[in-house]
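A short write-up of the structure that comes next.
The values are calculated or read from the model by the stated rules, or taken from the named source; none is laboratory data. Since the model is a prediction, treat every value here as computed from it, not as a measurement. Cβ placement follows ideal geometry from the backbone for every residue including glycine, while neighbour counts extend to all protein chains displayed. The accessibility values were calculated without ligands, DNA or RNA, using every heavy atom of the protein model including side chains. Shrake-Rupley method; radii C 1.70, N 1.55, O 1.52, S 1.80 Å.
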Amino acid sequence: MSDKTILRALRGETLPTPPIWMMRQAGRYLPEYRATRAQAGDFLSLCYNPELATEVTLQPIRRYGFDAAILFADILLLPQALGADLWFVTGEGPRLSTITGPDGIRGLKTKDDIHDHLAPIYETVSRLAQQLPKTTTLIGFAGAPWTVATYMIAGRGTPDQAPAHHLKDTDRATFTALINLITEATIEYLSKQVDAGAEVIKLFDSWAGSLTGQDFEDFAVAPTKKIIAALKHRHPGLPIIAFPREASNGYINFHAKTGADCVALDNSISPEWGAAHVQTAGCVQGNLASRHMVTGGQALIDDTRHIVETFRNGPHIFNLGHGITPDADPENVQLMIDTVRNS
Ligand code: 1CP
């Protein structure tokens, strides 16, 4: 069995120092990322260029020696592979064609027709598997179906996911068909990432917090469970991290309900609550507020130590509660890492 620290934590080991990586660790806060992105031309060209995508994935590993690298790609590449139009508006974010009814789904491809489009992503994974230091774990990822559906339906990021809720509540059949299609395609996409060399898979359900009651069970828990079961069937022992962001009480029993080896916590919950209600069921990841990467100082040190201390008695991977923002100071990332490793 591998002795990489992240894999040990994912097997349930309590380690003296938590392994560490950071959501969006390859990103605009790094000057070397901005340079490579400029070389690629634009964000999507960077995602689909295996040489440059490998380079930006490796940059934070070289600079900081994180314990894991996460494939450089985006959750919206899968909708694009399914036939959605996708483009990025500078300073605003992603735009996609929208799905408002059954016609929108009939126009999409099937789960077996995505791989030609996604071949450059698999190529990036296999280059990373060869080039990463032997102690660094390679994480592949995809969006969870609900979160991906919110973008496919609205055609953009939305503060309250209202268009997706509207379709769910007015045309359940179309909405469910879309969730099922994304679920099936995600299984194939992630399985290929594992074949190419990804050692861990993470599912980002960034908008899980807007699902409540039975909807949370049906559209956050059930698709995640289905993806995890299928991946573990095909790849026995594959560790999986689930991130039902802002799920609040939905975090309780999320390991058991979905089969995830690790549940990533956002920073709306306290470490004490996470240790008492989530870590008791398995490995947790998180949950320093991203703003500390902008503001730094003693508050960063205090909150980092507090998180390490509070999760000390169980399996824990240190991370932020959400992605690092472009205005972050690279020095503060180093301060966080030094604080974790010297706590
Ligand atoms: O200008 C740029 O360079 C683009 C900024 C950027 C980056 C660096 C986007 C656009 N995506 C990414 C990479 C990315 N996206 C990664 C790479 C690996 C890493 O973490 O280092 C990952 C894992 C994602 C995942 C992702 N994309 C999520 C889930 C995680 C989260 O942040 O909640 C979501 C929701 C997206 C969609 C997306 N892509 C990009 C933006 C700005 C957004 C959010 C749009 C919105 O909701 O408004």
(request) Read phi for every residue in the stretch 87-96 and hand back ³J(HN,Hα) as whole Hz from Karplus 6.51 cos²θ - 1.76 cosθ + 1.60, θ = phi - 60°, with x for Gly and Pro. (result) 8, 10, 9, 4, x, 10, x, x, 10, 9
(message) So with the 1.4 Å probe, I'd like the accessible area per residue for the stretch 1-135, rounded to whole Å².
(response) 47 Å²
(request) Just order 56-62, 202-208, 136-142 by mean Cβ neighbour count inside 10 Å, highest at the front, would you? (result) 202-208, 136-142, 56-62
(request) Measure off 7 Å from each Cα along the Cα-to-Cβ vector at Arg156 and Glu309, then give the distance between these two points in nanometres to one decimal. (result) 4.5 nm
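Taking only C-alpha pairs under 8 Å that are 6+ residues apart, what is the relative contact order of the stretch 11-110 in percent? Please list the in-between numbers first.
On the way: 81 pairs, mean separation 20.1, N = 100.
The value is 20 percent.
May I ask you to derive the relative contact order of the chain, considering only C-alpha pairs under 8 Å and at least 6 residues apart, and to give it as an integer percent? Please report the intermediate quantities before stating the final value.
Details: 648 pairs, mean separation 70.1, N = 343.
Worked out over the chain, it gives 20 percent.
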(message) For the chain, which cysteines have no second Cys with its Cβ under 4.7 Å from theirs?
(response) Cys47
(request) Using only Cα atoms, find the angle between the long axis of helix 172-196 and the longest principal axis of the chain, and express it within 0 to 90 degrees, rounded to the nearest 10. (result) 50 degrees
(request) Could you please report the charge total around Ser97, scoring K, R as +1 and D, E as -1 over all other residues with beta-carbon less than 15 angstrom from its beta-carbon? (result) +2
(request) Grab the other residues whose beta carbon is less than 15 angstrom from that of Asp160, score K and R as +1, D and E as -1, and report the net. (result) 0
(request) Can you tell me which of 122-135, 232-245 comes out highest on packing, and rank the rest after it, using the mean Cβ neighbours within 10 Å? (result) 232-245, 122-135
